[in-house]
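Step one of this worksheet: look at the structure below.
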Amino acid sequence: MIFPLSGRRIYVAGDRGMVGQALIRRLAREDCQILTAPRSIDLREQASVRGWFADNAPEAVIIAAARVGGIKANDSRPAEFLYDNLMIEANLIEAARQQQCAKLLFLGSSCIYPRMAPQPIAEESLMTGPLEPTNQWYAAAKIAGIMLCQAYRRQYGCDFISAMPTNLYGPGDNYDLDGSHVIPALIRKTAAAQAAGDETVVVWGTGKPLREFMHVDDLADACVFLLRNYSDESHVNVGSGQEISIADLAALIAGIAGFGGRMEFDTTKPDGTPRKIMDGTRLQAMGWMPSISLRDGLIDALRDYRARFE
Ligand code: GFB
């Protein structure tokens, strides 16, 4: 083990988001102290971030804070997705260096890879071709985050690492139909159609794109594993190996929810990347495996939606 967590002060940046919440649940099982910053600390503001680090002296940082969203939010708010993410990651990484944090884990996204990268996508595919236009702004910010960690490792000797999760879902997801990812959107639409007695659920795009989905609790477990055991320059893919088409996903959610109606495909909406499955070999070779099946994970996500909104 490179970095034992016992007794450490670990700061989870982005603790109010789905990933941050999962990290807090997972870290609660370790003998460490979990730190979070109050809402008044705007992570886009350098002075605010520096002040909080000086006052709280975290020993390790996990960057789960980000401006995130689904295909529509990414496509329609490019400036926010680029600027906010650049500022958040740059401020946190520089403050961690100044405070001499012993470890930092930066979280990116599978959209950093070229749109037409060979599948499954290996870490080496980074910057080998053009990005997917609907999320290139977010991707550019996340690529900069990876490179910041690499540059700080080279120049300052900081033990800063990066992990790239595949498409995530789970408890605490964002269910806003304009901003959300596909799973929370389809859960909400399916539950609403059922409640209203509607015959159809509208699915964006052709239904043909393929996506790999991972329950957020599996990601949190992988993060703890990497924090403890990994120290190198390359980012590491965190995938589930569970790939499905959007049409099949919609049918699976309908089946779990008990919705007997039809899917209607709105092809005026974008499909985005045709296929995006990660090559998770590197992390698996280190000894980590996901444990939550897509079906079980979706049952959990639907339960979360119903508990919060029905
Ligand atoms: O999850 P999603 O928004 O993100 O969309 P991406 C995945 C696929 O589901 C796309 C389709 O083909 C959508 O057209 N889809 C079908 C829907 N119905 C819906 C719906 O009601 N809502 C949404 N949102 N999609 C994101 C990136 O790409 O992936 C982010 O934009 C990030 O930057 C994230 O990287 C992991 O997989 O296309």
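Some values worked out for this structure:
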read-out	value
Strands (runs of 3 or more DSSP E) within the range 1-111 that include 1 or more residues surrounded by fewer than 21 Cβ atoms within 10 Å (Cβ to Cβ), touching a helix residue (DSSP H, G or I) at 6+ places or on another chain (Cβ under 9 Å) and among the aliphatic types (A, V, I, L, M)	33-35
Selection from the range 269-288 of residues that are within 16 Å of the ligand (Cβ to nearest atom) and among the β-branched types (Val, Ile, Thr)	Thr273, Ile277
Long-range neighbours under 9 Å by Cβ, at least six apart or interchain, first residue touching a residue at least 12 places away in the same chain (Cβ under 8 Å) and within 16 Å of the ligand (Cβ to nearest atom) within the range 194-207, second open to solvent by 50 Å² or more (accessible area, probe 1.4 Å) and among the aromatic types (Phe, Trp, Tyr)	Val202/Phe265; Val203/Phe265; Trp204/Phe265; Gly205/Phe265; Thr206/Phe265; Gly207/Phe265
Scope the range 129-146; condition open to solvent by 70 Å² or more (accessible area, probe 1.4 Å) and small (Gly, Ala, Ser); matching residues	none
Close pairs from the range 1-26: first free of Cβ contacts under 8 Å to residues at least 24 places away in the same chain, partner in a loop (DSSP other than H, G, I, E, B), Cβ under 7 Å, at least 6 apart	Ile24/Asp15
Which numbered condition Thr128 fails, given (1) more than 26 Å from Glu264 (Cα to Cα); (2) within 9 Å of the ligand (Cβ to nearest atom); (3) not in a helix (DSSP H, G or I)	(2)
Identity of the residue in the range 155-164, outside any loop (DSSP other than H, G, I, E, B) and hydrophobic (A, V, I, L, M, F, W, C), that ends up farthest from the ligand (Cβ to nearest atom)	Phe160
Qualifying residue in the range 121-128 (condition: surrounded by fewer than 17 Cβ atoms within 10 Å (Cβ to Cβ) and at positive phi)	yes
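Listed here are the residues, each with its yes/no results for (1) within 15 Å of the ligand (Cβ to nearest atom); (2) touching a residue at least 60 places away in the same chain (Cβ under 8 Å); (3) out of contact with any His (no Cβ under 9 Å at 6 or more places or on another chain).
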site: Ala140; (1), (2), (3): yes, no, yes
site: Arg153; (1), (2), (3): no, yes, yes
site: Thr166; (1), (2), (3): yes, yes, yes
site: Tyr175; (1), (2), (3): yes, yes, yes
site: Ala185; (1), (2), (3): yes, yes, yes
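The values are calculated or read from the model by the stated rules, or taken from the named source; none is laboratory data. Keep in mind it's a predicted model, so treat the numbers as computed, not measured. So basically every Cβ, Gly included, is an ideal-geometry build from the backbone, and we count neighbours across all protein chains shown. The accessibility values were calculated without ligands, DNA or RNA, using every heavy atom of the protein model including side chains. Shrake-Rupley method; radii C 1.70, N 1.55, O 1.52, S 1.80 Å.
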